[in-house]
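S.K.: Below is the structure I would like to discuss, written out as structure tokens.
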Amino acid sequence: MKKDVMLLGCLILALALSMPAMAQDYDLVIKNGRVMDPETNYDAIANVGIKGGKIAIITKDKITGKETIDAKGLVVVPGFIDGHQHCIEPYAYRLMLRDGRTTIMDLELGAYGPKIDEFYKKREGNSPVNFGVSVSHEFARAAVLDGFSDWKYFYSPDAVYSRVKQGWSVTRPTLEQGNQILAAMDEGLRQGGLGIGSTVGYMRAGVSSREIFELQKLAGKYGRYINMHFRLTPGDDVQEVMGIQEMLANAAALGSPAIAAHFNNPGYNMVHELLVRMREKGYNVWGEIYPYNAGSTALNAVFLEPEVWVKALGNKYEETLQDVETGEFYTQKSREEMLKKEPTRPVIVYKCPEEWVANWVKMKGVAIGSDGMPLVPDDGLTWDTPYEEFPNTHPRFAGSFAKVLRLARENNVPLMQAVSMTSYNYAKPLGEMGLKAMQVRGRMQKGMVADITVFDPATVTDNSTFAKGTLPSTGIPHVIVNGIIVMKDSEPIKRFDAGQPIRFEVQEKGRFEPLSKEGWTKTFYASPIDFGGGVPGSQPNMKGSAIQQVESHESQ
Ligand SMILES: [Zn+2]
């Protein structure tokens with residue numbers, strides 16, 4: 001009897017070894033879904049087999065795996081890539097997954113250059129989504145010009161503290177300070193930061209054209225982008241366009257990549273055309289939008305000063321400036337009072353008509369960046385905190401990607417175009433920049449990384465509002481990151497081993513060479529040029545005073 005059982009065992013083993021590969025060949029199978037790939041335009045009902053974190057097969061044949069997700073009636077697409085998320089923290093992850101996001105990156109404000117490595121180390125093995133970050137221009141200025149060194153986060157949430165001072169915003173650096181700023185950023189690029197992020201729109205008086213040009217030159221030495229919150233954003237349709245023209249002219253002169261952050265503002269149609277035409281000429285430049293007619297920022301932002309917001313742009317605080325927490329609109333008086341108490345308090349800023357939002361989703365080639373903000377205060381918030389207990393925030397934090405899909409449905413935008421906006425339109429240009437992690441994402445193809453979002457095209461919707469900005473999106477039941485199921489049946493799963501860093505390899509040496517008057521003169525035969533804007537014969541050291549600069553700015 002014992003012998004018979006052993007014989008039977010051997011027989012089964014022999015049979016299993018001789019059988020063609022089929023049973024449980026894959027770690028995970030997503031079956032019967034409508035698989036869409038924005039790069040090849042593949043669009044068919046098919047089964048997806050995932051093995052070792054990668055897409056191993058897309059086929060109409062039956063396949064089996066250790067785990068199976070039935071996606072009948074659902075769409076199976078590349079996981080959503082958010083290139084503009086200021087909150088990369090455990091408490092944010094459940095809402096990111098509910099909105100279908102598999103990669104979140106802060107490419108705009110970014111992290112402080114010398115802390116880039118620490119930023120990544122903190123998240124490795126500790127995030128269910130992929131994560132990445134730019135090297136921050138603003139924080140380098142805060143460190144050099146305000147002596148800010150009280151780093152808790154190394155990235156966006158620190159702005160609540162660093163922005164209480166103003167030197168970073170209004171000071172023209174001396175040549176020596178300029179070199180220190182650039183050196184801090186070079187260190188971040190050396191440590192693998194994805195590119196340079198500049199919030200120059202918050203530093204209009206302090207940052208010269210020369211400084212922006214030198215930033216783009218530095219990023220270009222690594223073949224990496226600058227991501228700009230433009231100089232005059234938010235502004236009118238002339239200022240917005242001029243802001244991007246500054247960046248694009250530099251990009252053309254230097255041949256370096258560039259990203260137009262949130263150009264969902266007046267002048268957007270012109271900005272879109274500029275980007276499309278430059279891409280046609282072979283430049284790696286692109287832009288992102290978030291699908292809301294209001295932005296969100298700190299109360300003391302320079303563009304909210306009465307001279308800019310009311311006098312120059314013709315806005316009324318009573319109609320455009322709303323407190324995130326209370327929902328009340330400010331007056332000039334209540335704004336001034338609050339500035340004394342809590343200068344960096346979060347506010348919502350209404351910028352354009354609601355009808356424009358659908359137009360942005362119709363623009364081919366545009367990427368989606370949510371511009372989600374860190375929650376304030378964030379003490380005690382964790383992965384387990386119920387959504388309703390979060391402090392309020394702009395609804396883009398929780399709903400940007402589902403809203404794009406809903407708007408596409410309501411406005412007859414082809415589904416493939418919307419799918420492309422949510423993933424491929426960020427993956428492709430970043431991949432072209434040499435970022436390997438993005439050459440294998442944003443695509444539903446054999447061999448690509450299995451970052452996959454599964455949604456119901458008929459019902460997918462955002463639920464977050466200005467009154468309650470942290471309500472999760474619905475109609476997105478399943479999310480897979482690096483082959484690991486991180487959300488099933490709309491229940492996020494705590495798999496903090498799933499997310500991978502999106503990062504360049506650390507370089508042995510930096511590439512920045514300090515700027516000198518002699519260097520400029522030798523190369524361009526011009527008078528000494530400083531960070532004060534290139535006035536021939538000017539003395540850099542006389543340009544350092546913040547007060548002088550504010551005065552000269554105001555008299556313009
Ligand atoms: Zn911004």
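S.K.: Quick test of your reading of the structure: residue 442 fulfils all but one of (1) part of a helix (DSSP H, G or I); (2) within 20 Å of the chain's Cα centre (by Cα); (3) small (Gly, Ala, Ser). Name the failing condition by number.
M.R.: Result: residue 442 passes all but (1).
Here's the yes/no breakdown for (1) of a type outside the set (D, E, K, R); (2) assigned to a strand (DSSP E or B); (3) modelled with pLDDT of 95 or more:
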site	(1), (2), (3)
13	yes, no, no
29	yes, yes, yes
35	yes, yes, yes
40	yes, no, yes
58	yes, yes, yes
68	yes, yes, yes
102	yes, yes, yes
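Okay, residues lined up against (1) within 16 Å of the ligand (Cβ to nearest atom); (2) farther than 30 Å from residue 501 by Cβ:
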{"residue": "188", "(1), (2)": "no, no"}
{"residue": "239", "(1), (2)": "yes, yes"}
{"residue": "243", "(1), (2)": "yes, yes"}
{"residue": "252", "(1), (2)": "no, yes"}
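S.K.: Could you look through the range 445-459, keep only residues that are in a loop (DSSP other than H, G, I, E, B) and under 22 Å from the mean Cα position of the chain (by Cα), and pick out the one that is surrounded by the most Cβ atoms within 10 Å (Cβ to Cβ)?
M.R.: 451
S.K.: Continuing with the same structure: Of the residues in the range 75-87, how many are away from the ligand (no atom under 16 Å from the Cβ) and crowded, with 24+ Cβ neighbours inside 10 Å?
M.R.: So the answer is 6.
S.K.: I've got another one for you. Looking at the range 448-492 only, could you name the residues that are in contact with a Leu (Cβ under 9 Å, 6 or more places away or on another chain) and among the aromatic types (Phe, Trp, Tyr)?
M.R.: 455
S.K.: Is it the case, given these coordinates, that residue 238 is open to solvent by 10 Å² or more (accessible area, probe 1.4 Å) and either over 24 Å from residue 194 (Cα atoms) or under 20 Å from the mean Cα position of the chain (by Cα) (or both)?
M.R.: Against the criterion (open to solvent by 10 Å² or more (accessible area, probe 1.4 Å) and either over 24 Å from residue 194 (Cα atoms) or under 20 Å from the mean Cα position of the chain (by Cα) (or both)), residue 238 qualifies.
S.K.: Based on what the data block shows, is residue 72 touching a Phe, Trp or Tyr at 6+ places or on another chain (Cβ under 9 Å) and away from the ligand (no atom under 16 Å from the Cβ)?
M.R.: Here the answer is no, as residue 72 does not meet what is asked.
S.K.: Could I ask something else about it? Looking only at the range 216-236, count how many residues are within 16 Å of the ligand (Cβ to nearest atom) and not hydroxyl-bearing (Ser, Thr, Tyr).
M.R.: Here the count works out to 9.
S.K.: Same structure, new question: Checking the conditions here, which among 190, 210 is closer than 21 Å to residue 117 by Cβ, open to solvent by 10 Å² or more (accessible area, probe 1.4 Å) and touching a helix residue (DSSP H, G or I) at 6+ places or on another chain (Cβ under 9 Å)?
M.R.: 190
S.K.: Here's a follow-up. Can you confirm whether residue 374 is surrounded by 19 or more Cβ atoms within 10 Å (Cβ to Cβ) and not in a helix (DSSP H, G or I)? Outline the logic, then answer.
M.R.: Values: surrounded by 19 or more Cβ atoms within 10 Å (Cβ to Cβ): yes; not in a helix (DSSP H, G or I): yes.
Criteria met by residue 374.
S.K.: Going through the range 121-147 one residue at a time, which ones are over 30 Å from residue 176 (Cβ atoms) and either of a type in the set (D, E, K, R) or surrounded by 23 or more Cβ atoms within 10 Å (Cβ to Cβ) (or both)?
M.R.: 121, 122, 123, 124, 127, 128, 129, 130, 131, 132
S.K.: I need every pair where a residue in the range 413-433 that is in a helix (DSSP H, G or I) has its Cβ under 6 Å from the Cβ of a residue that is small (Gly, Ala, Ser) and at pLDDT 95 or above, sequence separation at least 6 or different chains.
M.R.: 418/408; 423/442; 424/442; 425/367; 426/83; 426/367; 427/442
S.K.: Cβ-Cβ below 8 Å, separation at least six or inter-chain, first residue in the range 470-481 and of a type in the set (Gly, Ala, Ser), second part of a strand (DSSP E or B): which pairs?
M.R.: That search, which allows pairs on different chains as well, returns 473/461; 475/455; 475/461.
S.K.: Working only within the range 95-120, note down all residues that are buried (at least 24 other Cβ atoms within 10 Å of the Cβ), away from the ligand (no atom under 16 Å from the Cβ) and not aliphatic (A, V, I, L, M).
M.R.: Matches in the range 95-120: 98, 99, 100, 101, 102, 103, 112, 113, 115, 119.
S.K.: Mind listing whichever residues of the range 33-72 are within 17 Å of residue 488 (Cα to Cα) and hydrophobic (A, V, I, L, M, F, W, C)?
M.R.: Those that are within 17 Å of residue 488 (Cα to Cα) and hydrophobic (A, V, I, L, M, F, W, C): 48, 50, 69, 71.
S.K.: Can you tell me which of (1) farther than 28 Å from residue 397 by Cα; (2) touching a residue at least 24 places away in the same chain (Cβ under 8 Å); (3) surrounded by fewer than 23 Cβ atoms within 10 Å (Cβ to Cβ) is the one residue 281 doesn't meet?
M.R.: (2)
S.K.: Taking the range 259-305, which residues are farther than 18 Å from residue 353 by Cα, within 15 Å of the ligand (Cβ to nearest atom) and within 16 Å of the chain's Cα centre (by Cα)?
M.R.: Within the range 259-305, 259, 260, 261, 287, 288, 297 meet the criteria.
S.K.: Right, something else. With the condition being modelled with pLDDT of 95 or more and within 30 Å of residue 491 (Cβ to Cβ), I'd like the strands (runs of 3 or more DSSP E) fully within the range 116-229 carrying at least 1 qualifying residues.
M.R.: 130-136
The values are calculated or read from the model by the stated rules, or taken from the named source; none is laboratory data. All of these numbers come straight from a predicted model, not from anything done at the bench. Cβ: placed from backbone, ideal geometry, glycine included. Neighbour counts: every protein chain shown. Heavy atoms of the whole protein, side chains included, go into the accessibility calculation; ligands, DNA and RNA do not. Shrake-Rupley method; radii C 1.70, N 1.55, O 1.52, S 1.80 Å.
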